[in-house]
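Report on the following structure.
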Amino acid sequence: MAEVRVNPTRMELLRLKKRTQLAKKGHKLLKEKRDGLMQEFLKIIRTAQELRREVDKELAEALKHFVLAQASMTPQAVHLVSYIQAQRASLKVDEKNVMGVKIPDFEVELAETGEKYGVWETSAELDHGMVAFKKVLPKLLELAAIEKSAQMLAQEIEVTRRRVNALEHVLIPQLSKTAKFIRMKLEEQERAAIVTVMAVKAAIE
């Protein structure tokens, strides 16, 4: 470990002591933050896993209805329906603060546009598919927000972990080693001063 170049004085020793105390306090706070972020991250991951299973199941169900509808409709009807926008989605994006990390919070609102498709040209399966997709869309956006939150928390955990390690394994040991070096130099100076005083005293006597 590299040695910090300092003047071996009592003032420098006092300054190092204050820096060491501050570094240890920062280390403690960062460890608490890291542990808190880990708890939030694990909680979000569990929520995301449960919601992912629900979304996958409901999307598969909606897709099944669309496939059955497409199979029972004429190509012209399928082409016509694909251009109809029966609903419009508006997305509100907000932020939540989790231990200093701003994570997204999505809220979706669905509104009828008034556009309709003719029931005589379409299959009942299309209606089932539209209802199923309308039901799963808010969950899909919620899942996107949760997974983005997990990604952002993971990044913050990594940054915090590096800072904790830097304090624990680099800065604090370096400060301690430098303080020890200064104490040794001060003790040497004191011993040299005593020897000098004793020599002067002996010469005078």
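The values are calculated or read from the model by the stated rules, or taken from the named source; none is laboratory data. As the structure is a prediction and not an experimental result, all values here were calculated from the model. Cβ: placed from backbone, ideal geometry, glycine included. Neighbour counts: every protein chain shown.
General observations
- Pairing each residue of segment 67-89 that is surrounded by 14 or more Cβ atoms within 10 Å (Cβ to Cβ) and assigned to a helix (DSSP H, G or I) with any residue that is among the aromatic types (Phe, Trp, Tyr) and modelled with pLDDT under 70, provided the two are 6+ apart or on different chains, yields C-beta distances under 8 Å for LEU80/TYR117; VAL81/TYR117.
- For first residues located in segment 6-29 and in contact (Cβ under 8 Å) with a residue 40 or more places away in the chain, partners that are surrounded by fewer than 15 Cβ atoms within 10 Å (Cβ to Cβ) and outside any helix (DSSP H, G or I) and lie 6+ apart or on another chain with Cβ distances below 9 Å form the pairs LEU16/VAL4.
- Residue, surrounded by the most Cβ atoms within 10 Å (Cβ to Cβ), within segment 19-38, restricted to residues that are farther than 15 Å from ALA179 by Cα and among the hydrophobic types (A, V, I, L, M, F, W, C): LEU37
Rundown of residues vs (1) touching an Asp or Glu at 6+ places or on another chain (Cβ under 6 Å); (2) surrounded by 15 or more Cβ atoms within 10 Å (Cβ to Cβ); (3) at pLDDT 85 or above; (4) outside any strand (DSSP E or B), yes/no style:
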residue: LYS96; (1), (2), (3), (4): yes, no, no, no
residue: LYS102; (1), (2), (3), (4): yes, no, no, no
residue: ALA111; (1), (2), (3), (4): no, no, no, no
residue: GLU121; (1), (2), (3), (4): no, no, no, yes
residue: LYS134; (1), (2), (3), (4): no, no, no, yes
residue: LEU141; (1), (2), (3), (4): no, yes, no, yes
residue: ALA150; (1), (2), (3), (4): no, yes, yes, yes
